[in-house]
Amino acid sequence: MNEAGRRAIEMKPGNKKNLYIYGLFKKFSMVRRLVLVCLFTALFLRGFAWSEHPMLARPALAGMGLWDEIGPAEVKHLKTFLLETENSLEPFLARHEHWARTNLPHYQPGPDDLAFRAGGDTTDIVVRFFQAIRINPDMRMPLYLHLLPGEPAGNRSHANTLVTTADRNAESLHRPTHIRLREGEKIRPLNILVTANDEPDYGFDLGLFADNQTDYGARYGFGKQPFGNPNLAYSSQAPFHMAFYHEAGIVYRFAPELNRTFLDYRVNLFRELSVFAFNNDQHYWGWRFLGWSMHYAGDITMPYHSKPLPGYSTTRMLWINLKAMLGFPADVQDAIQLVSNRHTAMEAYQQQELRQAYLAKNFRHPFFMALAIPEFPVPFSKNFIRTYASYGAARQSAHTDQVLADHLPGYMVSDPSIEISEMPQLNNLAMLVHADQGGESAESLNSMIAERLSAYSMTIRALLISVVQETGMTVKDNHPAARG
């Protein structure tokens, strides 16, 4: 650290202890970064934030004054879309790559030899597109809809086995229902958008780094995986679904790898692809790309995706890492396990509580209310994710962690000797809370999560409003304050 940086830290109240710890860390220059990053990255074995995004997106978007004014969209295979737009898609993607290199901090440029080219072999146009936007080239892109709890499938055949390259949904007791669509039929835009909100969790970002032992990861230009275990498949998607924009400067100095996240890249890429599709009269893919963008934007409103260790101050994080480097790793290991367990528990409780509200048609549930009446809207901009969407989640992270510790069963979230994902009680966590913890605990948990869902709703609404306004559609935001 240079002298100016040292004085800047000294001048901030409470930071003398950080500076002292920093001095101790300097004595371990060969290992300090490795240990600190290991602390942060062991949490990211699962890379998921909110569970089953369509359950959140539907009530967040359904009340906006848009859907009655926009007609159905014609369903098209991705290959059809690409063949019909390839001549204009090539320069569009080149312009967006230039924009990303210019505007996104810590961006890893896409290799020039993977840039999308029009006029190539039509049989591999989908794979060439996947490589150009740097997602898993083995992804399947079926035509389908995601049904919400209690929603009938009618005469439609199920499409669960056609959607994902990895059985992500095996983690959940309640698997969603997907039904097939046919190319050429007309579908309501809201249904397309809600369905697409879940798709990035189906394998988009698996194996994209040079050390993930995939042939495409070696070519994509993202470099080595910045954090997490590169040998665990789902760990590899974490840097695309998490971002840490609000840490103290000293944390980034010890662990600059935390800057190498690509969530804002995904949000902006898929938003711009949505605008491109609408401007080329490809409405089905306009809505589907927008849903992909919303997924990543919504992820950052989850506190465990915007803060490495919720509930731990900078000084405490540095201190327990220093102890680990000195040969006393127990505090680090306990911190990792507790935060990981609470993260998993929050996802499980949110999904189970909301699913039950759907089945009971309890649309006055706090989750529904928060999603329908979000925070006051903030206009989307290139800095929206870093400045607004992530800030509230980071600011609320310590409170979130404390509420979970106080109101979930202690043997599940306050014992670092257990791994919660292996506990059968996790599949009935919401029921356990209502039965054993009492109404006050459920109320506290619901209030805390509802605050975050309100921010989630504001975030994806901001994306929707920005796209429909840029493409010339009309949208009315039914937020009470917006109505005046």
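The values are calculated or read from the model by the stated rules, or taken from the named source; none is laboratory data. None of these values were measured; they are calculated from a predicted model. Backbone-built Cβ (ideal geometry, glycine too); neighbour counts: all protein chains shown.
The rows are residues; the columns are (1) outside any helix (DSSP H, G or I); (2) under 17 Å from Phe270 (Cα atoms); (3) among the charged types (D, E, K, R).
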| position | (1), (2), (3) |
| --- | --- |
| Glu84 | no, no, yes |
| Leu89 | no, yes, no |
| Ala94 | no, yes, no |
| Trp99 | no, yes, no |
| Thr102 | no, no, no |
| Phe116 | yes, yes, no |
| Ala132 | no, yes, no |
| Pro137 | yes, yes, no |
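Would you be able to say whether some residue in the stretch 286-307 is free of Cβ contacts under 8 Å to residues at least 12 places away in the same chain and among the small types (Gly, Ala, Ser)?
No, because not a single residue in the stretch 286-307 is free of Cβ contacts under 8 Å to residues at least 12 places away in the same chain and among the small types (Gly, Ala, Ser).
Can you find even one residue in the stretch 249-264 that is of a type in the set (Val, Ile, Thr) and either part of a helix (DSSP H, G or I) or buried (at least 24 other Cβ atoms within 10 Å of the Cβ) (or both)? Break it down into steps so the answer makes sense when it comes.
Filtering the stretch 249-264 for residues of a type in the set (Val, Ile, Thr) gives 250-251, 261.
Remaining after also requiring either part of a helix (DSSP H, G or I) or buried (at least 24 other Cβ atoms within 10 Å of the Cβ) (or both): 250-251.
Yes - at least one qualifying residue is present in the stretch 249-264.
Return the pairs, sorted by first residue and then second, in which the second residue is charged (D, E, K, R), the first residue lies in the stretch 316-328 and is within 22 Å of Ala398 (Cβ to Cβ), the beta carbons are less than 6 Å apart, and the residues are 6+ apart or on different chains.
Short answer, once both residue conditions are applied: Ile320/Asp331; Lys323/Asp331.
With the structure loaded, tell me whether Pro230 is touching a Phe, Trp or Tyr at 6+ places or on another chain (Cβ under 8 Å), surrounded by fewer than 23 Cβ atoms within 10 Å (Cβ to Cβ) and farther than 21 Å from Thr314 by Cβ or whether it fails that test.
Details: touching a Phe, Trp or Tyr at 6+ places or on another chain (Cβ under 8 Å): yes; surrounded by fewer than 23 Cβ atoms within 10 Å (Cβ to Cβ): yes; farther than 21 Å from Thr314 by Cβ: yes.
Judged against the criteria, Pro230 is a match.
Taking the stretch 175-190 as the region of interest, how many residues are assigned to a loop (DSSP other than H, G, I, E, B) and in contact with an Asp or Glu (Cβ under 7 Å, 6 or more places away or on another chain)?
2
Answer with yes or no whether Leu93 is farther than 15 Å from Glu272 by Cβ, among the aliphatic types (A, V, I, L, M), surrounded by 15 or more Cβ atoms within 10 Å (Cβ to Cβ) and in contact (Cβ under 8 Å) with a residue 40 or more places away in the chain.
Details: farther than 15 Å from Glu272 by Cβ: no; among the aliphatic types (A, V, I, L, M): yes; surrounded by 15 or more Cβ atoms within 10 Å (Cβ to Cβ): yes; in contact (Cβ under 8 Å) with a residue 40 or more places away in the chain: yes.
Answer is no for this residue.
Filter the stretch 39-94 for residues that are at pLDDT below 95, closer than 30 Å to Pro109 by Cα and among the hydrophobic types (A, V, I, L, M, F, W, C) and give the result.
Matches in the stretch 39-94: Leu39, Phe40, Ala42, Leu43, Phe44, Leu45, Phe48, Ala49, Trp50.
What is the residue count in the stretch 370-389 for residues that are in a helix (DSSP H, G or I) and surrounded by fewer than 16 Cβ atoms within 10 Å (Cβ to Cβ)? Please lay out each step first, then the result.
The first filter runs over the stretch 370-389 and keeps only residues in a helix (DSSP H, G or I), leaving 370-372, 384-389.
Applying the additional criterion that residues be surrounded by fewer than 16 Cβ atoms within 10 Å (Cβ to Cβ) yields 387.
Summing the residues that are in a helix (DSSP H, G or I) and surrounded by fewer than 16 Cβ atoms within 10 Å (Cβ to Cβ) in the stretch 370-389 gives 1.
Consider the stretch 139-159. How many of its residues are assigned to a loop (DSSP other than H, G, I, E, B) and in contact with a Leu (Cβ under 7 Å, 6 or more places away or on another chain)?
Step one: list which residues in the stretch 139-159 are assigned to a loop (DSSP other than H, G, I, E, B), which gives 139-143, 148-157, 159.
Then drop every residue that is not in contact with a Leu (Cβ under 7 Å, 6 or more places away or on another chain), which leaves 140-143, 149-150, 153.
Result for the stretch 139-159: 7.
Does Gly392 satisfy being at positive phi and crowded, with 19+ Cβ neighbours inside 10 Å?
Details: at positive phi: no; crowded, with 19+ Cβ neighbours inside 10 Å: yes.
Against the criterion (at positive phi and crowded, with 19+ Cβ neighbours inside 10 Å), Gly392 does not qualify.
Given the conditions (1) within 30 Å of Pro379 (Cα to Cα); (2) surrounded by fewer than 23 Cβ atoms within 10 Å (Cβ to Cβ); (3) hydrophobic (A, V, I, L, M, F, W, C), which single one is not true for Phe240?
Checking Phe240 against (1) within 30 Å of Pro379 (Cα to Cα); (2) surrounded by fewer than 23 Cβ atoms within 10 Å (Cβ to Cβ); (3) hydrophobic (A, V, I, L, M, F, W, C), the one that fails is (2).
Which one of the conditions (1) at pLDDT below 95; (2) surrounded by fewer than 19 Cβ atoms within 10 Å (Cβ to Cβ); (3) of a type in the set (A, V, I, L, M) does Ala360 fail to meet, given that it meets all the rest?
In the conditions (1) at pLDDT below 95; (2) surrounded by fewer than 19 Cβ atoms within 10 Å (Cβ to Cβ); (3) of a type in the set (A, V, I, L, M), Ala360 misses (1) alone.
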